[in-house]
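Okay, structure first, notes after.
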Amino acid sequence: MKYSNYIGIVFALCCIYVCYAPWVYIPTIQTVVTGMHAPNTNFGHPGLLNIILSVIAIVMFSIPTIWAKRTNIFVTTFNVAWAFRSFLFVTHCELGECPEKKWGIYALIIISALILVMALLPKMNIEVKK
């Protein structure tokens, strides 16, 4: 794709934004959990690694070399895996209490997958040596 690098950068910025959006609401402790703020829970900062990986992906999308594109596939695949892990970790039911899933946790998985798709379709000018 001609604009896959630019679209990948936009999706990576969206992924950073989604880490600050509401992921789940836990009614028993009346807490909204985001990727960077999880009060009254032991979740920590589950979105921090997604932010770090998205920043690395932005850098790799910007570098027009083959090693950067190959590294970006690894980074974005790990980002999708971490988003799926965060989904399972944050939305699990505990002691019969299930949190209400918000739009942010679904957007995190979808946007991370779209970043991976853009990493798999890079625009590269390949010169043929004769």
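The values are calculated or read from the model by the stated rules, or taken from the named source; none is laboratory data. Not measured: the values here are computed from a predicted model. FYI the Cβ positions are ideal-geometry reconstructions off the backbone, even for glycines, and counts take in every protein chain you see.
Filtered by the rule that a residue be in a strand (DSSP E or B) and either modelled with pLDDT of 90 or more or more than 19 Å from Q30 (Cα to Cα) (or both), the range 59-100 gives a lone residue, E100. When each of S112, S62 is tested for being surrounded by 21 or more Cβ atoms within 10 Å (Cβ to Cβ) and either closer than 19 Å to I16 by Cα or among the aromatic types (F, W, Y) (or both), the lone residue that passes is S112. Which residues, counting only those in the range 62-105, are free of Cβ contacts under 8 Å to residues at least 40 places away in the same chain and among the aromatic types (F, W, Y)? Selection gives W67, F74, F78, W82, F84, F87. Filtered by the rule that a residue be among the hydroxyl-bearing types (S, T, Y) and either within 23 Å of V117 (Cα to Cα) or in a loop (DSSP other than H, G, I, E, B) (or both), the range 30-58 gives T41, S54. State whether one or more residues within the range 47-58 are touching a residue at least 60 places away in the same chain (Cβ under 8 Å) and farther than 26 Å from Y25 by Cβ. Within the range 47-58, one or more residues are touching a residue at least 60 places away in the same chain (Cβ under 8 Å) and farther than 26 Å from Y25 by Cβ.
I want to confirm something. Restricting to the range 68-109 and keeping residues that are out of contact with any helix residue (DSSP H, G or I) (no Cβ under 8 Å at 6 or more places or on another chain) and surrounded by 15 or more Cβ atoms within 10 Å (Cβ to Cβ), which single residue is nearest to C14 (Cα to Cα)? It comes out as K102.
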